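So the structure is just underneath, and the comments pick up after that.
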């Protein structure tokens with residue numbers, strides 16, 4: 001085996017100044033780590049799904065069987081739907097913020113409401 | 001919403017050289033593909049909403065005038081919190097895809113190199129030039145956040161760049177580049193056959209061919225032609241040549257050279273093709289490459305390029321901003337220059353005559369391969385184009401290819 005540091009090379013930075021989009025780069029760092037953790041949870045969930053499907057089919061749960069497993073069309077779609085649902089759940093705040101931009105009526109300030117309704 | 005799920009990664013086309021992908025690596029690709037689709041379909045449209053409802057009115061309120069340039073739109077959008085989050089997610093997803101693809105290849109790099117060598121060593125159809133250097137514009141930035149770009153070699157006989165490019169293409173495009181990643185080449189063939197049915201090239205040169213994924217359909221369509229693929233990235237060519245061999249294309253030559261200095265006889269090719277790399281090429285390099293291409297084409301021969309179309313007068317400022325995004329934030333800076341380049345002026349300066357130049361479009365040709373039963377494929381680009389909200393500009397559709405060219 002050639003002596004290379006696989007993880008270091010896989011993580012290599014691409015040439016070119018990295019853009020940071022949030023006002024504080026620390027927020028970007030936390031988002032990036034959070035999404036990486038979310039990715040690994042999805043990986044574990046898909047592995048668990050495979051284990052369940054192997055058990056349902058009466059097959060032994062071995063590493064070889066897990067790696068050899070290929071979903072049929074129905075299983076494939078069910079697994080993709082799980083990813084879609086999962087991503088929608090973890091990005092809830094992003095979609096709520098978009099709703100707030102789309103519809104100003106969702107943005108009433110509670111303190112102002114309290115004052116307004118106290119006066120009426 | 002129906003038909004918004006991409007195929008799973010296990011449906012992607014494979015060949016005997018493909019890296020092994022274990023269960024969890026496939027799952028990781030599946031998550032990232034779905035994340036790309038979600039960002040494109042569900043999050044990206046919010047940028048338009050934020051622009052219309054918040055960014056544009058705020059600019060007018062603060063300055064007393066409307067937004068007038070794409071630069072102003074970019075500066076104004078930068079301050080918007082929704083855009084900031086979308087952009088951070090998108091950049092991060094691209095970086096994750098690179099990390100995931102590189103890890104798959106790196107962990108088995110020795111094996112992949114050995115297997116590629118079995119198909120490369122001693123073959124006349126592969127010419128690597130140890131003295132060839134990446135041009136300055138390419139060496140300055142790693143395109144689409146691909147560490148080391150197309151040319152870096154970390155070990156002797158390296159194939160990392162080519163193998164990683166092929167392995168991750170499905171993730172970035174959600175399967176819309178066809179099951180062998182050759183959607184561009186397939187569409188080029190359809191365009192040429194439809195538009196120029198009598199054209200029967202004997203020698204075809206594909207400049208900037210990368211791993212040659214889009215070159216092979218040309219070789220299939222014209223089996224009697226001699227096909228030459230040129231690229232400046234040795235790891236791309238080693239991988240591409242071995243890949244072509246295992247896919248049964250033993251008549252495609254892979255030559256290591258920079259496109260604008262490539263050494264062939266003048267008037268020696270009756271078709272010079274360039275596919276989707278003008279946006280990764282500096283303006284001066286495009287100009288010199290086109291002069292070279294004109295020189296290499298036989299009188300009566302064809303030059304053809306496929307790219308995403310440039311801005312039109314009716315392209316809205318917001319769409320200009322959206323389509324420039326990859327230039328600034330996905331390490332593809334030259335795209336911004338290309339978007340406003342008069343490509344026909346560049347061709348004229350290289351020698352082409354105005355009355356022999358043309359452009360046009362063709363539908364994407366997706367070979368579904370292992371994902372036959374999926375009713376549609378989805379891509380981030382398609383979703384972003386569809387949702388950009390600019391009904392007047394129909395030229396930019398992720399499922400349609402734009403081509404331009406000329407006859408010498």
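The values are calculated or read from the model by the stated rules, or taken from the named source; none is laboratory data. None of the values given here were measured: they were computed from a predicted structure. Heads up, the Cβs are rebuilt from the backbone with ideal geometry, glycines too, and the neighbour counts pull from every protein chain shown.
Numbers for the structure displayed
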| quantity | calculated |
| --- | --- |
| Residue B:13 out of contact with any strand residue (DSSP E or B) (no Cβ under 6 Å at 6 or more places or on another chain) and more than 9 Å from chain A (Cβ to nearest Cβ) | yes |
| Residue check for residue B:66: modelled with pLDDT of 95 or more and part of a loop (DSSP other than H, G, I, E, B) | yes |
| Count of the stretch B:44-53 residues which are at the interface with chain A (Cβ under 7 Å from one of its Cβ atoms) and either surrounded by fewer than 19 Cβ atoms within 10 Å (Cβ to Cβ) or not in a helix (DSSP H, G or I) (or both) | 2 |
| Residues located in the stretch B:187-227, provided they are assigned to a strand (DSSP E or B) and either crowded, with 24+ Cβ neighbours inside 10 Å or touching a helix residue (DSSP H, G or I) at 6+ places or on another chain (Cβ under 7 Å) (or both) | B:204, B:205, B:206, B:207, B:227 |
| Per-region count, the stretch B:233-278, residues surrounded by 24 or more Cβ atoms within 10 Å (Cβ to Cβ), in a loop (DSSP other than H, G, I, E, B) and modelled with pLDDT of 95 or more | 1 |
| Subset of the stretch A:1-34 (residues that are over 15 Å from residue B:97 (Cα atoms), over 22 Å from the mean Cα position of the chain (by Cα) and facing another protein chain (nearest Cβ under 7 Å)) | A:1, A:2, A:4, A:6, A:15, A:16 |
| Filter result (farther than 15 Å from residue B:97 by Cβ, part of a helix (DSSP H, G or I) and free of Cβ contacts under 8 Å to residues at least 40 places away in the same chain) within the stretch B:5-43 | B:23, B:24, B:42 |
| Residue match in the stretch B:324-340 (condition: in a strand (DSSP E or B) and surrounded by fewer than 17 Cβ atoms within 10 Å (Cβ to Cβ)) | no |
| Candidate set from the stretch B:54-84 (those that are free of Cβ contacts under 8 Å to residues at least 24 places away in the same chain and at the interface with chain A (Cβ under 8 Å from one of its Cβ atoms)); member that is surrounded by the most Cβ atoms within 10 Å (Cβ to Cβ) | B:84 |
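Every residue, every condition in (1) assigned to a helix (DSSP H, G or I); (2) surrounded by 12 or more Cβ atoms within 10 Å (Cβ to Cβ); (3) touching a helix residue (DSSP H, G or I) at 6+ places or on another chain (Cβ under 6 Å), yes or no:
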site: A:42; (1), (2), (3): yes, yes, yes
site: A:46; (1), (2), (3): yes, yes, yes
site: A:65; (1), (2), (3): yes, yes, yes
site: A:70; (1), (2), (3): no, yes, yes
site: A:81; (1), (2), (3): yes, yes, no
site: A:85; (1), (2), (3): yes, no, no
site: A:89; (1), (2), (3): yes, no, no
site: A:114; (1), (2), (3): yes, no, no
